[in-house]
Amino acid sequence: GRRIRLLKGLPATSTVEENSAAGVSVYNVTVSPLASEGVAILPTIVNSSPLTEAFDIESKGGLEYRVVTTGNPVLDYETMPKSFDLQIFVEDTTGRTDLNILTIQVTDKNEHPVFRGNMAIQTVTIYVLEGTPPEHIYQVDAADPENAKLKYSLLPATVPFSIRESGAIFSTKEFDYEKDPHCYFLNVTVTDPDGLNSTKTMNINIININDERPYFTTKQRIYRIPEEQNLGTIVANITAKDPDDEDSPNRLFYSIQSSDKHFSINPATGVLQVTERIDRDALPLRLHPNISLIVRVEDSPSSGHASEMEITIIVDDINDNPPECNPSAFRKEANENTPPGTFLVDLRNYCKDIDVGPSNNQFSFTGLSGFGSNNFALESTVSGRLVVTGTIDLENPVNPGVEVYTLTVRVQDIAHPDYSSKYPFYISFDNIIYIYIRIKPVNEFFPVFSNLSYVFSVSEITKVGSTIGRVHAIDKDWPPNVISYSIVAGSGTRDYTSIFWISPMKGDVRILARLDYETTQKHIFTVQASDQGKSTTASVTVNVLEVNDEEPVCSPNFFSFQIPVSLAVGTNINGFRIECQDRDSDPRSFRYFINEGNENSHFIFSPSAGSNTSRLILASRFDYESGLDTNWIYSLRVHITDDNLVSARDKTTHLIKTGTVTLSIRVIPNPTTATTTT
């Protein structure tokens, strides 16, 4: 009820041209408020159909407003809706409102044609091979926004290219790289029926092709070099040209077609170099010193044009090989005290010089040296015969005891050698022969014991396997011979065939069986020292030292008997006595005491010490009535020791042995008396 017509000129229809820039006025709107207070809400586009932000309302001053384009998005007749309905709202200060429709129709505008594809984003470059017949080289892709038919043209008109109605570009001639321009710049223009056009630039490059054969400019065909050139030595510089590259550096590729591995050619520069050792004195160059190479030049690494030529390299011989000896080291033996003049080796039988020229393969033997070389000599520099000149005695104090002499002999060319071009890993200058002469020792001396006889004192309780002593012998031979030891006589007894053992290499003497002073107090046997050729003997005496190692042995060692409960104190019970003996103790050394089972000490032995016999005595009466005694069977364990004669001070260190006797005693009670009761 409050809606009133406030917007003048609406509803209405207006037009706008496509592609209009931002801010283009589309329609003017006037607000006529009915109250003097004015406008509260300015004219505003509150909705559109279809929805768009391509339009806005801006003030012209006072109550005048206009609808304008925003440029976002730009109106396009071909791709966007062609009509928009804008709802415009306004409200005055009294609260009255108005809402009306403005219809805007987009009108078509003729636009420039546009290029598509690569030409739309860059300058297109086309490559055409020379010698190619006229052909289609490119398809121009263009379009008119209004879908009108387009016309194509090329400038300048003098270029050897044409463009058809479809936009296809053709070459109109066969190009010659050497005569025609190498590059063409074309302006491609596309025009619509109304004369609007667009132009793009195109580059066309003519590509040179390989159609000529290269030729050698090097005239020399024969080269001469000495053998044994260093790797990398330049032999020749082969050059060639390619007619296709007269205006630029040659791009040629050189190679060797023959199978020879002595040389290689730089594929880019044509420099011929040594790549492998060239030995004039080895086959096949020893017989054929000329090397033929087929050199090929190509203008492409593959399937190009090529030319070939043959060159010959003559290898000249030099005196580059010293005498060689095989073997270069000799090992000879000679006994010590070999007489002077004894022949050892003829070196000439093992040496030769492989140089081709007779003047280069003669050699001599000189410079015999090495420690002890004064004991040897060469008969002459030509013969190479090595002989003994001195007497070598290894035991002589003047002789340092050397067993192997290392001698060197220099073998050298008689002619002046040429080793200036030798590789480092080849023999240079002279050849050195090493001669190792081993002096074989002669076993001249017997081993000698350090003592004529040995005496060892050993306790009879020494553990089996213990070392009790050592014998030692020396040999004056040099180098000292290995001495081995053995027992050759007298190391056994009646019970043991071998009581003692000797270490074969060290001479340590060990016991293999228990020693017993009471059986044998002394052992005597013979040991032998041998150096695998000569031997000598020595006597060994082993004194066995007595040790208290025997236990007292008593008889009987077990006894059982019965006694009445009323037996009188001091009685020798059943007349029982024990008799003891000890193989290594005096009869007076025994002591007797009851170690176990003697409750209330009813029993003693008399005498308790100093005799080898003792009696069992009842020492106190039994008392069962008062309850003092309760046990009727006594098991007595009697100990007999052999320390009665040992002082109290020595008992802490003296070995004491103990014998044992077991007694079983049953006490028989008195008969019981019955009491008569009335």
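The values are calculated or read from the model by the stated rules, or taken from the named source; none is laboratory data. Since this is a predicted model, take the numbers as computed values, not measurements. Neighbour counts are summed over all protein chains in view; Cβ atoms, including those assigned to glycine, are modelled from backbone coordinates with ideal geometry. The accessibility values were calculated without ligands, DNA or RNA, using every heavy atom of the protein model including side chains. Shrake-Rupley method; radii C 1.70, N 1.55, O 1.52, S 1.80 Å.
State whether the residues of the range 612-632 include one that is of a type in the set (K, R), within 16 Å of V553 (Cβ to Cβ), assigned to a loop (DSSP other than H, G, I, E, B) and outside the structural domain of I461 (by the TED database).
No - not one qualifying residue is present in the range 612-632.
Would you confirm, using the coordinates I've provided, whether G232 is within 55 Å of the chain's Cα centre (by Cα) and modelled with pLDDT under 95? Full working, then the answer.
Working: within 55 Å of the chain's Cα centre (by Cα): yes; modelled with pLDDT under 95: yes.
Yes, satisfied.
Just a yes or no: is a residue in the range 386-398 of a type in the set (D, E, K, R), surrounded by 14 or more Cβ atoms within 10 Å (Cβ to Cβ) and over 22 Å from S328 (Cβ atoms)?
Step one: of the range 386-398, the residues of a type in the set (D, E, K, R) are 393, 395.
Adding the requirement that they be surrounded by 14 or more Cβ atoms within 10 Å (Cβ to Cβ) leaves 393, 395.
Those still in the list that are over 22 Å from S328 (Cβ atoms) too: 393, 395.
Scanning the range 386-398 turns up at least one residue that is of a type in the set (D, E, K, R), surrounded by 14 or more Cβ atoms within 10 Å (Cβ to Cβ) and over 22 Å from S328 (Cβ atoms).
Scan the strands (runs of 3 or more DSSP E) fully inside the range 52-95 and keep the ones with 2 or more residues being buried (at least 17 other Cβ atoms within 10 Å of the Cβ) and modelled with pLDDT under 85. Talk me through it step by step, then tell me what you get.
Working: elements: 55-61, 64-69, 83-92.
By residue number, 83-92.
Give the residue, chosen from V90, V68, V39, that is touching an Asp or Glu at 6+ places or on another chain (Cβ under 9 Å), assigned by the TED database to the domain that holds N19 and within 30 Å of E146 (Cα to Cα).
Details: V90 fails: within 30 Å of E146 (Cα to Cα); V39 fails: within 30 Å of E146 (Cα to Cα).
None of the others qualify; the one that does is V68.
Since S32 meets every condition but one in (1) touching a residue at least 60 places away in the same chain (Cβ under 8 Å); (2) farther than 30 Å from A142 by Cβ, which condition does it not meet?
(1)
Can you tell me which residue in the range 619-667 is farthest from N548 (Cα to Cα), limited to those that are aliphatic (A, V, I, L, M) and open to solvent by 50 Å² or more (accessible area, probe 1.4 Å)? Step through it out loud before you land on a result.
The initial filter retains those residues of the range 619-667 that are aliphatic (A, V, I, L, M), namely 619, 628, 633, 636, 638, 640, 645-646, 648, 655-656, 661, 663, 665, 667.
Retained after the next criterion (residues that are open to solvent by 50 Å² or more (accessible area, probe 1.4 Å)): 628, 633, 645, 648, 655-656.
Working: L628: 42, I633: 36, L645: 13, A648: 17, L655: 6, I656: 7 Å.
The extreme case among them is L628.
Return the residue satisfying two criteria in turn: it lies in the range 483-507 and is among the β-branched types (V, I, T) and more than 20 Å from L452 (Cα to Cα), and of such residues it is modelled with the highest pLDDT. Even if it seems obvious, please write down each step before you answer.
Within the range 483-507, the first condition is being among the β-branched types (V, I, T), and the residues that meet it are 483, 487-488, 493, 497, 499, 502.
Of the ones still in play, those that are also more than 20 Å from L452 (Cα to Cα) are 493, 497, 499.
Working: T493: 67, T497: 66, I499: 89.
Going through the qualifying residues, I end up with I499.
Kindly list the number of the only condition in (1) surrounded by 13 or more Cβ atoms within 10 Å (Cβ to Cβ); (2) assigned to a strand (DSSP E or B); (3) small (G, A, S) that fails for G533.
Among (1) surrounded by 13 or more Cβ atoms within 10 Å (Cβ to Cβ); (2) assigned to a strand (DSSP E or B); (3) small (G, A, S), G533 violates only (2).
For the range 445-498, which residues satisfy the criterion of being part of a loop (DSSP other than H, G, I, E, B), within 19 Å of T536 (Cβ to Cβ), open to solvent by 80 Å² or more (accessible area, probe 1.4 Å) and among the hydrophobic types (A, V, I, L, M, F, W, C)?
F446, L452, W478, V482
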